[in-house]
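Engineer: If you scroll down you'll find the structure; I have some questions about it.
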Amino acid sequence: MSHKRIPKRKAAAAVGAVVALGAAAILLPSANASQDGASDGTAAAPRTLKAGDASDLATRLSGMLGDAYAGAWYDGEDKRLVVNVVRGEDGMALKARSAGAEVREVDNSMAELEAGAGTLTSEATIPGTSWAVDPRTNKILVTADSTVTGAKWDQLESAVESLGPGMATLEKSAGTFRTFASGGDAIFAGGARCSLGFNVTAGDGSPAFLTAGHCAAAGDQWSDQQGGEPIATVDQALFPGAGDFALLTYDDPATEAPSEVNVGGQTVPIVQAAEATVGQQVFRMGSTTGLADGQVLGLNATVNYPEGTVTGLIQTDVCAEPGDSGGSLFTQDGLAIGLTSG
């Protein structure tokens, strides 16, 4: 996608996504019927849900089930929300079924899994490692990239084993965890190239956009053309820490910035922000690799980059390359899910 200045003080910087392949053909929204619950007092059969509705239901059930809730994921093939309920909590399982979810009984509570992730944070914060709770296995998925070898691998393996059996799985990745500020559709500063994420309205009402926080390290002023005049200035940025994002305000207050993703040949209107759900199909748009799709694999992921630790991330199997940083992650029906970190 390209963000070019439009005459009469308009900068149409289209929203970016989060992974790229030739997926434009499947972006047309499709309606999914909803199945009503039973009226005879028995638990309803699992409802047929769109991904956004499944995310809303998961949020409600998380609060309703309390300590019995152990995560959820979206079954895209059957279009159902699957909810983990701690074994023995029969009353809570009935509540979840009555709400329209499919229930699976599991051994590990969310509190136990989060405590395990906390142990990894204190004992295995090693560059090149990441972890996230995987509700489909009811375990913590720990991944190490190709730089984690020798004593570092031994330390990580020991930390995983200390969690006890059935709590975590450890995998090795052939790649390297790194941010993608090197240089997406593209924004430029200081020799770096990133991707615009979503156009937004700042708190003071001025037009702005989001991109990756680590991109802001390349400079305060960004252009939509390599070597061009700046169009936006960094207002705030976070990286590393509890996220990887930056807010840039357009220098021209009369800029008209549409709420859409330009996927090449067509645009996808962005209607609102939404929470991700494990198993949900998502799309990414970036200035290097274009459009790609995949699934959400984990939430509240922690990644230990060489520059520092970033928490609260969404883990997906969508590809990305240098320059895709900041590009938007979204759904086919126009929900903004997140930004590309690395």
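Engineer: Among 296-302, 318-324, 88-94, how do they line up from the highest to the lowest mean number of other beta-carbon atoms within 10 Å? Display every interim value, and only then the final one.
Structural biologist: Working: 296-302: 20.4, 318-324: 23.0, 88-94: 15.3.
Those peptides, ordered most packed to least, come out 318-324, 296-302, 88-94.
Engineer: Under a 5 Å amide H to amide H cut-off, with H placed in plane at 1.01 Å, what residues pair with VAL261 once short-range neighbours are removed?
Structural biologist: Here VAL15, VAL268, ILE270 satisfy the definition.
Engineer: Is it possible to state the helix-based mean residue ellipticity at 222 nm for the chain, with each DSSP H run of 4+ residues giving -39500 (n - 2.57), the sum divided by total residues, to the nearest 500 deg cm²/dmol? What is it? Before the final figure, lay out each step's value.
Structural biologist: Details: 4 runs with 51 residues, N = 342.
Calculated at 222 nm, the ellipticity per residue is -4500 deg cm²/dmol.
Engineer: Any chance you could count the Lys pairs in the chain whose alpha carbons are under 29 Å apart, treating pairs 8 or more apart or on different chains as valid?
Structural biologist: Eligible lysine pairs with Cα atoms under 29 Å apart amount to 9.
Engineer: Using amide H atoms built in the peptide plane, which far-off residues or other-chain residues are under 5 Å from GLY312 H to H?
Structural biologist: Residues meeting the criterion, in which the H sits 1.01 Å from N, are ALA301.
Engineer: Between ASP204 and ASP75, what is the label-point separation in nm under the 7 Å Cα-to-beta-carbon projection?
Structural biologist: Those two pseudo-labels are separated by 5.1 nm.
Engineer: Put +1 on the Cβ of every Lys and Arg and -1 on every Asp and Glu Cβ in the chain; which of GLY308, GLN236, THR289 then has its Cα farthest towards the positive end of the dipole?
Structural biologist: Working it through, the farthest residue towards the positive pole turns out to be THR289.
Engineer: Using the Karplus equation 6.51 cos²θ - 1.76 cosθ + 1.60 (θ = phi - 60°), what ³J(HN,Hα) coupling, rounded to whole Hz, does each residue of the range 126-137 give in order, writing x for Gly and Pro?
Structural biologist: 10, x, x, 10, 8, 8, 7, 6, 9, x, 6, 9
Engineer: May I ask you to give the average projected area over all directions of the convex hull of the Cα atoms of the range 113-172, in nm² rounded to one decimal?
Structural biologist: Values: hull surface 14.2 nm².
Here the figure is 3.5 nm², rounded to one decimal.
Engineer: In nanometres, what is the gap between the two model label sites at THR48 and GLN155, each 7 Å from Cα along Cα-to-Cβ?
Structural biologist: My value for the distance between the label points is 5.2 nm.
Engineer: Residue separation times 0.36 nm, minus the C-alpha to C-alpha distance between ASN300 and ASP317: what's the value?
Structural biologist: On the way: separation 17, 0.36 × 17 = 6.12 nm, distance 1.51 nm.
Taking ASN300 through ASP317 to full extension adds about 4.6 nm, to one decimal.
Engineer: Taking the Cα centre of the chain as the origin, how large is its charge dipole in debye, to the nearest 20, when only Lys and Arg (+1) and Asp and Glu (-1) carry charge on their Cβ atoms? Please report the intermediate quantities before stating the final value.
Structural biologist: On the way: 21 positive and 40 negative charges, 130 e Å.
With only Lys, Arg, Asp and Glu charged at Cβ, the dipole is about 620 debye.
Engineer: How large is the Rg to Rh ratio of the range 51-106 when both quantities use alpha carbon positions and Rh follows Kirkwood?
Structural biologist: Details: Rg = 10.0 Å, Rh = 10.8 Å.
Rounded to two decimals, Rg over Rh is 0.93.
Engineer: Output the relative contact order of the range 51-106, whole-number percent, from Cα pairs under 8 angstrom with separation of 6+ residues. Each step should come with its number before you reach the end.
Structural biologist: Details: 78 pairs, mean separation 17.1, N = 56.
Computed value for the range 51-106: 31 percent relative contact order.
Engineer: Quick one: Debye curve from the C-alpha atoms of the chain, no solvent, what's log10 I(q)/I(0) at q = 0.09, 0.13 Å⁻¹?
Structural biologist: Evaluating at q = 0.09, 0.13 Å⁻¹ gives log10 I(q)/I(0) of -0.51, -0.99.
Engineer: Now for a separate question. Sort 221-231, 260-270, 166-176 for me by packing, meaning the mean count of neighbouring Cβ atoms within 10 Å per residue, highest on top. Let's see the in-between values first.
Structural biologist: Working: 221-231: 15.5, 260-270: 18.5, 166-176: 13.7.
Going from most to least packed, we get 260-270, 221-231, 166-176.
Engineer: Taking each pair of distinct Cα atoms in the range 101-249 once, what is the resulting Kirkwood hydrodynamic radius in Å?
Structural biologist: Numbers: mean 1/r = 0.0556 Å⁻¹.
One decimal place: 18.0 Å for the Kirkwood radius.
Engineer: Using modelled backbone amide H atoms (1.01 Å from N, in-plane), which distant-in-sequence or interchain residues come within less than 5 Å of ASP220's amide H?
Structural biologist: none
Engineer: Same structure again: Name every cysteine in the chain that ends up alone, with no second cysteine's Cβ under 4.7 Å, or say none.
Structural biologist: Those would be CYS319, since no other cysteine Cβ in the chain comes under 4.7 Å of theirs.
Engineer: Also, quick follow-up: Whole-Hz Karplus ³J(HN,Hα) for the range 154-162, in order, using 6.51 cos²θ - 1.76 cosθ + 1.60 and θ = phi - 60°, x for Gly and Pro?
Structural biologist: 4, 5, 5, 4, 5, 5, 5, 5, 5
Engineer: Taking a virtual spin label 7 Å from the Cα of THR233 along the C-beta vector, which residues in the range 245-260 bring their backbone nitrogen under 12 Å of it?
Structural biologist: Flagged as within label range: 249-253.
No value in this document is a laboratory result; all are computed from the given coordinates. Everything numeric here is computed off the predicted structure, so don't read it as measured data. In this analysis, Cβ positions are derived from the backbone assuming ideal geometry, glycine residues included, and neighbour counts consider all displayed protein chains.
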